[in-house]
1. Can you report the number of residues in the range 202-252 which are modelled with pLDDT under 95 and under 19 Å from Ser85 (Cβ atoms)?
2. Of all residues in the range 206-219, how many are aromatic (Phe, Trp, Tyr) and either part of a loop (DSSP other than H, G, I, E, B) or surrounded by 14 or more Cβ atoms within 10 Å (Cβ to Cβ) (or both)?
3. Return the pair list, or none, for Cβ contacts closer than 9 Å from residues in the range 93-115 that are more than 17 Å from Leu166 (Cα to Cα) and away from ligand 1 (no atom under 13 Å from the Cβ) to residues that are of a type in the set (Phe, Trp, Tyr) and at pLDDT 95 or above, at least 6 apart or on different chains.
4. Counting just the residues of the range 143-157 that are over 9 Å from Ile99 (Cβ atoms) and among the hydrophobic types (A, V, I, L, M, F, W, C), which one comes out nearest to ligand 2 (Cβ to nearest atom)?
5. If you check Gln195 against the conditions, is it touching a residue at least 24 places away in the same chain (Cβ under 8 Å), more than 16 Å from ligand 2 (Cβ to nearest atom) and either closer than 19 Å to Leu67 by Cβ or not in a helix (DSSP H, G or I) (or both)?
6. Any idea how many residues of the range 158-183 are of a type outside the set (Gly, Ala, Ser), part of a loop (DSSP other than H, G, I, E, B) and within 14 Å of the chain's Cα centre (by Cα)?
7. Please find, within the range 82-92, the residue that is nearest to Leu149 (Cα to Cα) out of those that are within 13 Å of ligand 1 (Cβ to nearest atom) and of a type outside the set (A, V, I, L, M).
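The values are calculated or read from the model by the stated rules, or taken from the named source; none is laboratory data. Note that the coordinates shown come from a computational prediction; the quantities given were computed from them, not determined experimentally. FYI the Cβ positions are ideal-geometry reconstructions off the backbone, even for glycines, and counts take in every protein chain you see.
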Amino acid sequence: MCSTCGCASGELRIEGVSSEHAYHSHEHSHGLPFAARRLVDIEMDVLAKNNHIAAHNREHFAAAGILALNLVSSPGSGKTTLLTSTLTRLAPYFDCAVIEGDQQTTNDADRIRATGVPAIQVNTGKGCHLDAQMVHDALHQLSPNNNSLLFIENVGNLVCPASFDLGELHKVAVLSVTEGEDKPLKYPHMFAASQLMILNKIDLLPYVSFDVGICIANARQVNPQIEVIQLSATTGEGMDQWLLWLEQQRCA
Ligand SMILES: Nc1nc2c(ncn2[C@@H]2O[C@H](COP(=O)(O)OP(=O)(O)O)[C@@H](O)[C@H]2O)c(=O)[nH]1
Ligand SMILES: [Mg+2]
């Protein structure tokens, strides 16, 4: 259980060789011990407070006409590469800004700034996700222009960022073809919370064992409405579809 961020939900199952021995945590019959109940209360407080600040961020984005997107994925799926590739194409025409989340280093903000787009790096230390307060504080420093596109690159983690609303219009899940087509089933909350799944690194498809059709079916099993774009952030294949999707969100 991740007690830092409240990602536990009382659904713990530990399965052994025989399903008869499956263990699951439960709140019925003998209830939770006091310490566990207190932990759940604290976690609910954390999420309620986060939701309150996220609503404030969302009001600000709406008032300023800012389109805010929250990019979520495991580490290394290509979020920063996708962003630099996107910004190189978009920044001549639209105001863009980026909030970068990582546990340590300013590497990603440096990569974004190299494209000429303003970026703020948030280092979460031991934290496994960005929260709405971090985004709120970063916004005060970044001051994105009205009617701009704001990309938030979350900490690489397919679990906890699913629970934390940042005030974004949509979460965009980036999955690369080197990660395996079963990830939407293993980490369903993230794909259920996302409007769009970007399947990145399709240039590597000839070299890896990855079934695109199965991956998309898995994603739609947890989220029948999820949109899917296949692209390669490095070769540029499929980027037009992503740029079109961004334009549609701006117009909507
Ligand atoms: N072949 C290939 N490599 C990619 C692609 N996108 C990203 N990468 C590589 O994947 C690695 C991780 O990328 P990065 O953008 O730092 O991932 P992040 O941790 O999600 O931000 C880097 O070595 C990138 O060059 C792609 O479309 N194709
Ligand atoms: Mg990155």
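1. Of the residues in the range 202-252, 1 are modelled with pLDDT under 95 and under 19 Å from Ser85 (Cβ atoms).
2. Selection size over the range 206-219: 1.
3. Cys96/Phe151
4. Among residues in the range 143-157 that are over 9 Å from Ile99 (Cβ atoms) and among the hydrophobic types (A, V, I, L, M, F, W, C), the one nearest to ligand 2 (Cβ to nearest atom) is Val155.
5. It is true that Gln195 is touching a residue at least 24 places away in the same chain (Cβ under 8 Å), more than 16 Å from ligand 2 (Cβ to nearest atom) and either closer than 19 Å to Leu67 by Cβ or not in a helix (DSSP H, G or I) (or both).
6. Residues meeting the conditions: 7.
7. Looking at the filtered set, the residue picked out is Thr86.
Condition check ((1) surrounded by fewer than 17 Cβ atoms within 10 Å (Cβ to Cβ); (2) in a helix (DSSP H, G or I)) across all residues:
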| position | (1), (2) |
| --- | --- |
| Leu185 | yes, yes |
| Leu204 | yes, yes |
| Gln221 | yes, yes |
| Thr234 | yes, no |
| Asp240 | yes, yes |
| Leu246 | no, yes |
